[in-house]
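Asks: One structure, as structure tokens, below. Some questions next.
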Amino acid sequence: MPELPDVDVYIEHIAARTRGHALERIRLASPFVLRTADPPLAAATGREVVSVTRLGKRIVVGLAAAGESAASGRAAGSAELYLVIHLMVAGRFRWKPAGAPIPGKLGLAAFDFDSGTLLLTEASTKKRASIHLVRAAGLAALDPGGIEVLGSDVATFAARLRSENHTLKRALTDPHLFSGIGNAYSDEILHHARMSPVKLTSRLTDAEIAGLHASIHVVLEEWTDRLRKEAGEFPEKVTAFRPEMAVHGKYGKPCPRCGRPVQRIRYAANESNYCPTCQTDDKLLADRSLSRLMRGDWPKTLEELEAKKTQSRAAAAPAGSIAARAASFIPARPPASAGAPPATAPPKTDASRASTKADATRASTKADGARAGARRR
Ligand SMILES: [Zn+2]
């Protein structure tokens, strides 16, 4: 899901191309992308864009009567209607010449200006991206309420962080607490701050909170700068997985700080990445999928994990055994030499994750089948 750095760069580009321009027409490829009925979508057309801002991870286009910004010199405050666009996981923008067609399978909507056409696309069979057209009161109702950490001092940040007792990972990604931070940048922030994703917010010292606040600034500002430079004409390559990231999406790859393999915690559809050496005093955090396979025999340190892996190999575990299946989840340790990438690190792609999961499922189905066969005999 595009988070603060990606959304802010989108906003800069969209604002540069649309502010002061009239929204001439809105074309919807699917009626379902529009989640509001009142005011009607037609009320937005013919209006002038007076602001483009961010609300959490959403993009908000402020619209006023045509000629408003030129006449009054006012900006955001003069908007009467707001187009609120949530990209969710796979929603993206493209900027095309005016009147460009909506691309077949991916296209959701087109916003036509005299300066060009802003296309909203979604590269997923699950259509979750949304458009709301609301008045000021409706806009307030869409605000989850998280504070902007980049605009907050340490005291405000600390008060918000301590307002509920959660793990740091959950607190940072809770849109009711903090705005614009999701799974990818929370991984990067916690690695930068050398803090465990499962540390409880009630246990943090003032110094740790100040350090975390500073890390949020460094990570979000560095990434916004980097994405701004990469964007060129318009940000086309928006993704949560980037080669320059330290740990996010880097399971099994060497930590750029210490060279040890990045680990993961998986839950539901998400995965969190962290470096045990830099963040958790070498402790491995329980990964549900792995701990299920290990049946509670969970290694507490990287050294134990390594030892278990060696044992599994020595035992030449038969295919489909618990040890063999567990071994497929264990990343190779990088050579002690110089933190070079491990030769056998599993490639981090959705396809490889899917196949690992499928293999595990097949293996367990096979085992179930064997047990059923045994019972029949
Ligand atoms: Zn590390």
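Please treat every number below as a calculation from the coordinates, not as lab data. This is a predicted model, so every value here is computed, not measured. Every residue, glycine as well, gets a Cβ built from its backbone with ideal geometry; the counts of neighbours run over all protein chains shown.
Asks: Looking at Met195, Ala214, Leu227, which one has the Cα that reaches farthest to the positive end of the dipole of segment 153-231 (charges on Cβ: Lys, Arg +1; Asp, Glu -1)?
Replies: Value computed over the given set: Met195.
Asks: Tally Lys and Arg at +1 and Asp and Glu at -1 over the other residues with C-beta under 13 Å from the C-beta of Val33: what net charge comes out?
Replies: In short, +4.
Asks: Let me ask something else. FRET efficiency for His21 and Asp282, Cβ-Cβ distance as r, R0 = 51 Å, nearest 0.05?
Replies: 0.35
Asks: Still on this structure, please answer the following. When a footprinting reagent is the concern and you count Cβ atoms within 10 Å, what order do Phe32, Phe93 take, fewest first?
Replies: Phe32, Phe93
Asks: Relative to the compact globular guide of 2.2 N^0.38 Å, what is the alpha carbon radius of gyration of segment 153-231, as a ratio?
Replies: Details: Rg = 12.3 Å, N = 79, 2.2 N^0.38 = 11.6 Å.
My calculation over the Cα atoms of segment 153-231 gives 1.06.
Asks: Something else about it: Counting only C-alpha contacts under 8 Å and six or more residues apart, can you give the relative contact order of segment 4-142 as a whole percent?
Replies: Relative contact order of segment 4-142: 28 percent.
Asks: While we're here: How big is Rg to Rh over segment 4-142, alpha-carbon atoms, Rh as the Kirkwood inverse-mean-distance radius?
Replies: We get a ratio of 0.93 for segment 4-142.
Asks: For Tyr251, Tyr274, what's the fewest-to-most ordering of other Cβ within 10 Å of each Cβ?
Replies: Working: Tyr251 23, Tyr274 28.
Taking fewest neighbouring Cβ atoms as first place, the list is Tyr251, Tyr274.
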